[in-house]
Amino acid sequence: MKSKQSKATVVAAATRIESRVLFGIETSFTADYLDTLARLGIAVAAGILTSPPRWSLRGIPVVLHPEEISPLLLELPVLLCGIPPKLREAEHRHASSLGFKRFISLVDPTAIVSHGIHAGKGLYINANSTLGAEVELDDFVTVNRAASVGHHTVLEEFSTVGPGANLASQCKIGKRVMIGAGAVLAPNVKVGEGATVAAGAVVFREVEAGVTVVGNPARVARPGKDDAVTASP
Ligand SMILES: CC(C)(COP(=O)(O)OP(=O)(O)OC[C@H]1O[C@@H](n2cnc3c(N)ncnc32)[C@H](O)[C@@H]1OP(=O)(O)O)[C@@H](O)C(=O)NCCC(=O)NCCS
């Protein structure tokens, strides 16, 4: 015989299944998360504000500061709203230290995702992006609007592919790499840990760890810098 549950318990369970906590809602990237959640019909339980907001926070039903987080909220799946690698990594550390454990992925329903991909946790795959066959995405990778990631490409943790970027195929992208909007990577290109590929760069050769490359063909604009993670907040 099924055990009887109170209405409150059933509603709480349904809310737990459906709703998400958004962490780091101060950056305007959060608006894209809200759009994707709306397209999926998934509710937002609360947004956690960790620094002063840089946009209107429209559409977030409950805004909390870290010290206001209840144990119940820590049970919910949480999405990190930062897009640049270092910000996202800092958010992960912060959210973990507060007790969040369920870092789940968010995949926009308009994205085309091959069945054969290997995916970690905490990913954000934004609208109209395409992931080819056998693509490998490690934890906390972001693929932004209308980016294309070709088959057998590997993206290591916390790397970010900017809007409209095109990674041809079999590329190997290291940890915390930032690939700017509209960049193009030829097949088999490797990008080392912490490197930045500027918006619109066209890359034919290996990019060393920590450097920033710009232009077509891409040249090193800043050697050995591993914190050049720039994106509009
Ligand atoms: C490359 C970038 C990170 C700037 O890095 P930076 O280390 O601060 O570099 P600077 O702005 O000082 O520029 C260094 C040189 O590169 C050039 N440069 C910078 N961005 C460039 C670009 N996108 N294309 C061509 N040249 C560029 C600058 O003109 C400068 O050239 P100079 O040395 O001949 O004067 C930034 O311009 C960029 O493209 N960011 C990506 C933003 C993005 O697409 N975000 C996506 C959001 S998800």
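The values are calculated or read from the model by the stated rules, or taken from the named source; none is laboratory data. Treat the numbers as computed from the prediction; the structure is a model and nothing was measured. Cβ atoms come from the backbone with ideal geometry, glycine included; neighbour counts cover every protein chain shown.
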Inset, instruction - Tell me which residues, restricted to the range 135-177, are assigned to a strand (DSSP E or B) and under 24 Å from GLY224 (Cβ atoms). - result: VAL154, LEU155, THR160, VAL161, LEU167, LYS172, ILE173
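For every residue, the table says whether it meets (1) near the ligand (Cβ under 10 Å from one of its atoms); (2) modelled with pLDDT under 95; (3) under 20 Å from GLY122 (Cβ atoms).
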| position | (1), (2), (3) |
| --- | --- |
| THR160 | yes, no, yes |
| ILE173 | no, no, yes |
| VAL189 | no, no, no |
| GLY192 | no, no, no |
| ALA209 | no, no, no |
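Tally the residues that are within 11 Å of the ligand (Cβ to nearest atom) and either modelled with pLDDT under 95 or on the phi > 0 side of the Ramachandran plot (or both), restricting the search to the range 175-186. Explain how you work it out, then say what you get.
Taking the range 175-186 first, the residues within 11 Å of the ligand (Cβ to nearest atom) are 178-183.
Add one more test, that the residue is either modelled with pLDDT under 95 or on the phi > 0 side of the Ramachandran plot (or both), and what stays is 182.
Here the count works out to 1.
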Inset, instruction - Give the residue, chosen from ILE125, ILE48, ILE104, ILE60, that is away from the ligand (no atom under 16 Å from the Cβ), under 19 Å from THR160 (Cβ atoms) and β-branched (Val, Ile, Thr). - result: ILE104
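Conditions tested, residue by residue: (1) assigned by TED's automatic domain parsing to the domain that holds VAL44; (2) without any contact (Cβ under 8 Å) to a residue 40 or more places away in the chain; (3) out of contact with any helix residue (DSSP H, G or I) (no Cβ under 9 Å at 6 or more places or on another chain); (4) surrounded by fewer than 21 Cβ atoms within 10 Å (Cβ to Cβ).
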| position | (1), (2), (3), (4) |
| --- | --- |
| HIS118 | no, yes, yes, yes |
| PHE140 | no, no, no, no |
| VAL149 | no, yes, yes, no |
| ILE173 | no, yes, yes, no |
| MET178 | no, no, no, no |
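Of all residues being part of a loop (DSSP other than H, G, I, E, B) and free of Cβ contacts under 8 Å to residues at least 24 places away in the same chain in the range 184-194, which is surrounded by the most Cβ atoms within 10 Å (Cβ to Cβ)? Just the residue, please. Even if it seems obvious, please write down each step before you answer.
Here is the first cut: in the range 184-194, the ones part of a loop (DSSP other than H, G, I, E, B) are 186-189, 192-194.
Next, only the ones that are free of Cβ contacts under 8 Å to residues at least 24 places away in the same chain stay: 186, 188-189, 192.
On the way: ALA186: 16, ASN188: 14, VAL189: 22, GLY192: 17.
Looking at the filtered set, the residue picked out is VAL189.
For every residue, the table says whether it meets (1) touching a residue at least 60 places away in the same chain (Cβ under 8 Å); (2) within 17 Å of the chain's Cα centre (by Cα).
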{"residue": "GLY47", "(1), (2)": "no, yes"}
{"residue": "SER56", "(1), (2)": "no, no"}
{"residue": "GLU75", "(1), (2)": "no, no"}
{"residue": "ALA95", "(1), (2)": "yes, yes"}
{"residue": "SER114", "(1), (2)": "no, no"}
Legend entry - Every residue from the range 130-158 that is within 16 Å of the ligand (Cβ to nearest atom) and acidic (Asp, Glu): none
